[in-house]
1. Which residue fluctuates most in the GNM of the chain (Cα springs below 10 Å): I11, I66, I35?
2. With θ set to phi - 60° and the Karplus curve 6.51 cos²θ - 1.76 cosθ + 1.60, what are the ³J(HN,Hα) couplings of segment 63-68 in order, to the nearest whole Hz, using x for Gly and Pro?
3. Test of the criteria: in segment 15-75, which trypsin sites (Lys or Arg not before Pro) are in a DSSP loop and have at most 15 other Cβ atoms within 10 angstrom of their Cβ?
4. Determine ³J(HN,Hα), in whole Hz, for all residues of segment 50-57 in sequence, where each value follows from phi through the Karplus function 6.51 cos²θ - 1.76 cosθ + 1.60 and θ = phi - 60°; x replaces Gly and Pro.
5. For every helix of n ≥ 4 consecutive DSSP H residues, a contribution of -39,500 (n - 2.57) applies; sum these over the chain, divide by its total residues, and give [θ] at 222 nm rounded to the nearest 500 deg cm²/dmol.
6. For the chain, with only Lys/Arg (+1) and Asp/Glu (-1) charged at the beta-carbon, what is the dipole magnitude about the Cα centre, in debye rounded to 20?
7. Once the Cα atoms of helix 25-36 and of the chain are each reduced to a long axis, what angle between those two axes, in degrees from 0 to 90 to the nearest 10, is obtained?
8. With contacts defined as alpha carbon pairs under 8 Å and 6 or more residues apart, what's the relative contact order of the chain in percent?
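Only the coordinates and a few stated rules stand behind these numbers; no lab work does. Nothing here was measured: the structure is a model prediction, and the numbers come from that model. Quick reminder, even Gly has a Cβ in these numbers, built from the backbone with ideal geometry, and neighbours come from all protein chains shown.
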Amino acid sequence: MNEAAGYCIPIYKPGNGIHKHWWTPELDELKQQCIQARLWKQLGRPRSGDVNTNRVRCKLRYKNAIKEAASMADGTFNDKLFDHLCEKDNIGF
């Protein structure tokens, strides 16, 4: 069974450049901003102040952008599928 799986199932290792199909350069930029906002950790994880406010804003923008990009990708896929099914020739089939 393992031999058959080796022929049929593609294997990708983490960090090999495989991304979600909806990932954009803007999401990469937001991710980098979140990583840079980790100064908060080095300062003892303050729960108030400018550093914490910046960290929370970066995280919120990043999470919202991910949700929006995934939602847009699903909507685009559904629209394309709907259009394809509407153009289908049911009689000639």
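1. I11
2. Per-residue couplings from phi come out as 5, 5, 5, 5, 4, 5 Hz.
3. Passing sites in segment 15-75 are K20, R38, R47.
4. 5, 5, 5, 4, 5, 4, 5, 4
5. Values: 4 runs with 60 residues, N = 93.
So the helix-based figure for the chain works out to -21000 deg cm²/dmol.
6. Using Cβ point charges on Lys, Arg, Asp and Glu, the chain gives about 1000 debye.
7. Helix 25-36 sits roughly 30 degrees off the main axis of the chain.
8. The value is 26 percent.
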